[in-house]
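Asks: So that we are looking at the same thing, I have put the structure below in structure tokens.
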Amino acid sequence: MKQKILLFTLVHPDFLPPVYASAQTLRDLGYDIHILTFDSYVPAESDLGPNIIVESVGKHHDIPFLQRWRLRRKYAIRASELVTSETHAIISFCPFSFLTALKFKSATSVIYFALEIADFEWKYVMHSPLNNFNNLIALNSLPKADLVATPSVQRSAWLAGRVHMDVLPDTIYNTSYFSEKDLEKSTQGIFRKLVPAHFLNKKILLYTGAVNERLCVSELVQAYLKVGDTGCAMIVTGMKDNPYCNEIKRIVAASPMRENVQLLPYVSREEMLALQANSHIGACLVREYRDNIASKMIAPNKVGEYLNKGLFILGVKCVYMNMFENVGVAALADSPSVADISITLRDAIKQVEANNNKEMIISFVKDYYCMQKQAEPIISFLQNSSNH
């Protein structure tokens with residue numbers, strides 16, 4: 001009988017892609033994978049291949065505190081049913097799932113791949129008491145994990161210092177599962193349903209994810225409109241009905257370039273992957289704040305997903321992003337200002353038009369920036385624990 005690995009996550013993997021990538025990577029090594037989670041914000045089927053089960057215990061978002069607490073109890077009960085003698089390890093991805101996994105530490109190994117920056121501060125307790133106290137307990141419980149990893153060197157160093165760890169956590173970048181078959185799969189049909197017909201012969205600038213001030217989406221849109229390249233169309237997903245998004249809509253509506261901009265709400269994972277597969281430049285901007293350490297410890301999921309589809313990256317210079325410009329797969333603005341982003345966007349468009357970037361980008365992903373390569377610390381741990 002195959003050994004089983006359980007993956008515990010509060011956030012659905014549709015919005016935490018490294019969970020899927022970890023599952024597929026470990027499945028390829030011969031394990032049966034069972035992901036236990038809560039409902040996705042945009043429910044849809046995901047084609048992960050054989051031997052991977054994704055199970056949700058219910059809707060965790062937009063519900064009252066007491067209902068959320070009961071649902072977490074239900075999660076813990078279901079987790080206890082899944083842990084058997086065939087369970088080789090549990091991999092958790094957030095404080096809640098880590099604390100759930102630790103309940104079964106006597107029966108199996110527990111790995112904590114901390115994808116979130118989860119700290120405890122008294123000033124935020126009343127805003128979200130359940131999450132804040134979970135963060136505190138999880139931080140104090142880190143020594144109980146058999147292996148700890150984070151998605152950036154900065155986060156690993158911060159976490160080690162925060163709880164005075166004796167060993168620096170491993171760094172596993174937020175990458176995707178690389179598959180030659182997925183690259184060859186046609187998604188044109190889905191793409192055509194999402195965009196206007198005149199987008200099909202243009203270079204596509206894509207932004208996926210949350211739309212807010214910290215991620216500089218307004219500056220990105222304004223920079224695109226300022227460049228005014230009619231051979232390039234822009235797609236933004238994650239739009240909501242709020243003041244920030246509504247201002248972006250107003251700016252686009254007033255521009256002569258408005259026909260070349262498609263503003264979409266959150267889309268399903270299948271639709272998002274189709275958008276990525278048919279785009280050329282992936283935008284990932286971020287604003288750093290001197291008095292906010294978390295803003296200087298980015299580890300964006302979207303970069304790994306963009307690169308996995310062969311997209312050239314448009315970003316802003318910072319410690320995490322600099323490596324992508326250094327290897328020639330990104331163009332980075334000096335700052336998140338409209339002026340600097342527009343200059344860098346012009347350069348990105350020229351590079352995409354002049355070079356066959358995709359082959360070089362895919363080579364970088366295959367050789368280094370994919371989960372099959374990045375998950376080596378987890379793979380080595382599992383292999384070594386099997387031999388003992």
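The values are calculated or read from the model by the stated rules, or taken from the named source; none is laboratory data. Because the structure is a prediction, the values reported are computed rather than measured. Ideal geometry is used to build each Cβ from the backbone, glycine not excepted, and the neighbour counts take in all protein chains shown.
Asks: Would you be able to tell me the number of residues in region 27-65 that are within 23 Å of Lys185 (Cα to Cα), surrounded by 16 or more Cβ atoms within 10 Å (Cβ to Cβ) and β-branched (Val, Ile, Thr)?
Replies: So the answer is 3.
Asks: In the set Asp170, Asp241, Asp166, which member is acidic (Asp, Glu) and in contact (Cβ under 8 Å) with a residue 40 or more places away in the chain? Walk me through it before giving the result.
Replies: Details: Asp241 fails: in contact (Cβ under 8 Å) with a residue 40 or more places away in the chain; Asp166 fails: in contact (Cβ under 8 Å) with a residue 40 or more places away in the chain.
Unique residue meeting the criteria: Asp170.
Asks: Among the residues of region 245-255, which ones are in contact (Cβ under 8 Å) with a residue 24 or more places away in the chain and not in a helix (DSSP H, G or I)? First the steps, then the outcome.
Replies: Of the residues in region 245-255, the ones in contact (Cβ under 8 Å) with a residue 24 or more places away in the chain are 245, 247-248, 251-252, 255.
Ser255 - this is the single residue of region 245-255 that is in contact (Cβ under 8 Å) with a residue 24 or more places away in the chain and not in a helix (DSSP H, G or I).
Asks: Keeping to region 301-319, report how many residues are among the β-branched types (Val, Ile, Thr) and in a helix (DSSP H, G or I).
Replies: In the first step, residues of region 301-319 are kept if they are among the β-branched types (Val, Ile, Thr); the result is 303, 313, 316, 319.
Now narrow it down to the ones that are in a helix (DSSP H, G or I): 303, 319.
Total satisfying the criteria: 2.
Asks: Here is a follow-up. Assess whether Tyr207 counts as being in the same structural domain as Thr187 (by TED's automatic domain parsing) and within 11 Å of Asn260 (Cα to Cα). Break it down into steps so the answer makes sense when it comes.
Replies: Details: in the same structural domain as Thr187 (by TED's automatic domain parsing): yes; within 11 Å of Asn260 (Cα to Cα): no.
Spelling it out, it is not the case that Tyr207 is in the same structural domain as Thr187 (by TED's automatic domain parsing) and within 11 Å of Asn260 (Cα to Cα).
Asks: Of the residues Leu29, Leu36, Leu71, only one is in the same structural domain as Lys103 (by TED's automatic domain parsing), out of contact with any Lys or Arg (no Cβ under 7 Å at 6 or more places or on another chain) and not in a helix (DSSP H, G or I); which?
Replies: On the way: Leu36 fails: out of contact with any Lys or Arg (no Cβ under 7 Å at 6 or more places or on another chain); Leu71 fails: not in a helix (DSSP H, G or I).
After applying the criteria, what remains is Leu29.
Asks: Would you pick out the residues in region 357-367 that are in contact with a helix residue (DSSP H, G or I) (Cβ under 8 Å, 6 or more places away or on another chain) and farther than 12 Å from Tyr177 by Cβ? Spell out the reasoning first.
Replies: We begin by selecting, within region 357-367, every residue in contact with a helix residue (DSSP H, G or I) (Cβ under 8 Å, 6 or more places away or on another chain); these are 357, 361-362, 364-365, 367.
Answer for region 357-367, where residues must be in contact with a helix residue (DSSP H, G or I) (Cβ under 8 Å, 6 or more places away or on another chain) and farther than 12 Å from Tyr177 by Cβ: Asn357, Ile361, Ile362, Phe364, Asp367.
Asks: I'd like the full set of residues that are outside any helix (DSSP H, G or I) and touching a residue at least 12 places away in the same chain (Cβ under 8 Å), limited to region 111-131.
Replies: Our first condition is that a residue be outside any helix (DSSP H, G or I); within region 111-131, this holds for 111-121, 125-128.
Matches in region 111-131: Ile111, Tyr112, Phe113, Ala114, Leu115, Glu116, Ile117, Ala118, Asp119, Phe120.
Asks: Within region 312-324, work out how many residues are touching a strand residue (DSSP E or B) at 6+ places or on another chain (Cβ under 9 Å) and either at pLDDT below 95 or surrounded by 15 or more Cβ atoms within 10 Å (Cβ to Cβ) (or both).
Replies: Qualifying residue count for the region: 9.
Asks: Given the conditions (1) in a helix (DSSP H, G or I); (2) at pLDDT below 95, which single one is not true for Phe98?
Replies: For Phe98, the exception is condition (2).
Asks: Tally the residues that are hydrophobic (A, V, I, L, M, F, W, C), more than 16 Å from the chain's Cα centre (by Cα) and in a loop (DSSP other than H, G, I, E, B), restricting the search to region 258-296.
Replies: Looking only at that region, the number is 1.
Asks: Out of the residues in region 101-133 meeting the condition of being modelled with pLDDT of 85 or more and polar (S, T, N, Q), tell me which one is surrounded by the fewest Cβ atoms within 10 Å (Cβ to Cβ).
Replies: Here the residue is Ser106.
Asks: Kindly indicate which of Asp291, Asp340 is charged (D, E, K, R), modelled with pLDDT of 95 or more and surrounded by fewer than 22 Cβ atoms within 10 Å (Cβ to Cβ). Walk me through how you get there before you give the answer.
Replies: Details: Asp291 fails: modelled with pLDDT of 95 or more.
Step by step, each of Asp291, Asp340 is checked, and only Asp340 is charged (D, E, K, R), modelled with pLDDT of 95 or more and surrounded by fewer than 22 Cβ atoms within 10 Å (Cβ to Cβ).
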